[in-house]
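Participant: First the structure, then my questions, so here it is.
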C-alpha cells in the first residue's frame, strides 16, 4: 500500500498492478460484462479518475490485464521448471512438466483469459489487439515447455507432440470451467505423460 | 417455409428449428450479449410473440439451442463414423476418427457453445441448467469415439487416451477461435493419430 515515504513512481506502479489484479478477479468471477473500468477501480480501491489515468479505455485495461496474466503465468512456469529440474530424469520429469502445464490452464488466470478470448471472437477491434499478443505467448509457452522437458525441438515429432500437449492442456482447462474436473484430469495427465514420454524417447 | 397445406404441428416445429438455428448463428457471429430472444426472432423472421411462445425466457432459448447443437453434432458424428467404416483399418482409421472429432470442435456449433459455456462460468443459474446436459454430451461423445475407433473401453489405457483425444479436440477448437489455425492443426492431428494408434495397439 502507498505510504507518504513511498516514491511517486512506485505508488503509480502499485496502483497499476492493483487494477490489473482486480481486472483478472472480475473477469474470472463475474465474467466479461461486469469487468468495466468503473467496477474494476472500485474493487481495486482506486478512484475512477486514477484508473482512467492508467487505462483510458476498457480495451487498454483488458489488453494490459491479458499481458499481465501471461507474465504471471510465465513467472510461475519458470518456478515450476526450476522445481522440475530437481526431479529425477525420465518419465517422472515428463509427468511433472505435463502436470505443471495443465495446472496453469485451470487457474483463475486461464478463466479470466477465456472471458477475453470468447468476447474477442465476436469483437474485431479487440481481436486485432490480442491476436499478436497470443501468437507471442504461444511461441514463448512452447519454448518453455521444450526447455522444461529437455528435448530437441528441431525433431518434427517432438515439435508436434509438445504442441499437442499445450493444446491438450488448453482443452483440459476448458473442461474445468463449469465443474471441478480435477479427478478425471489427474488420470488423463498421468496417461498422456506416459504415452508422450514413450513417443519422445522412441528410436527414430 | 410454411404453406397453407402444411399441418399446424409441422409449421410449429419448423419455426422452432428456425429459432434454434438463428440462435446458433447469433452466438457464433455476434457473441453472447447480442443473442437475445428479440434479436434471434428478427433474424429467424419470426414474430417476437411466436418466439416467446416457444421459448418464454432467454435461458429456455439458450439451453434448447445447446441441446440442438449437440444433436446436430451427433448426427454429423454418426455420418462420419459411417464414412470411416469404409476406410481401411489401422492407422488410417484412427487418423480419420481423430480428424473428424477435431473438425467438429472447430465448427460454428463449437464457437456458439463456447459463448454459452463462457457466460455460464459466471452465471450460476445458467450453469446449473447446462452442467447435467454437458455431462450427458461428454458420455455420448466418448462412447461414439470408442465405437468409431473400434477399441475396448474397459482397458484403462484406451479409456484415458480416448478421453485425452476429446480434450485435445476441445483445446484445438479453442485455438481456432481468434485466428484460422487449420494448417498447424492438420500437423498436430496427424502426429496425435500416429502416437495414439501406436499406444492403442501396443501389447499390454
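Just so you know, all these numbers are worked out from the coordinates, no wet-lab data involved. Model, not experiment: these values are computed from the prediction. We place every Cβ from the backbone using ideal geometry, glycine too, and count neighbours over all the protein chains shown.
Participant: Would you be able to tell me the number of residues in segment A:130-187 that are buried (at least 22 other Cβ atoms within 10 Å of the Cβ), more than 22 Å from residue A:118 (Cβ to Cβ) and in contact (Cβ under 8 Å) with a residue 40 or more places away in the chain?
Facilitator: 4
Participant: Answer yes or no: is there a residue in segment B:153-165 that is away from every other protein chain (no Cβ under 12 Å) and not in a helix (DSSP H, G or I).
Facilitator: Yes, the conditions are met somewhere in segment B:153-165.
Participant: Which of the residues spanning segment B:49-58 are farther than 14 Å from residue B:21 by Cα and not in a helix (DSSP H, G or I)?
Facilitator: Scanning segment B:49-58 gives B:56, B:57.
Participant: Shifting gears a bit: Taking segment B:188-201 as the search range and keeping residues that are surrounded by fewer than 18 Cβ atoms within 10 Å (Cβ to Cβ) and free of Cβ contacts under 8 Å to residues at least 12 places away in the same chain, which one is farthest from the other protein chains (Cβ to nearest Cβ)?
Facilitator: Top of the filtered list is B:201.
Participant: Only one of (1) in contact with a helix residue (DSSP H, G or I) (Cβ under 8 Å, 6 or more places away or on another chain); (2) without any contact (Cβ under 8 Å) to a residue 60 or more places away in the chain; (3) surrounded by fewer than 20 Cβ atoms within 10 Å (Cβ to Cβ); (4) within 11 Å of another protein chain (Cβ to nearest Cβ) is not met by residue A:93, so which one is it?
Facilitator: Status for residue A:93: all satisfied but (4).
Participant: Quick one: in segment A:23-48, which of the residues that are within 13 Å of chain B (Cβ to nearest Cβ), part of a loop (DSSP other than H, G, I, E, B) and without any contact (Cβ under 8 Å) to a residue 12 or more places away in the chain is farthest from residue A:116 (Cα to Cα)?
Facilitator: Ranking the candidates gives A:34 first.
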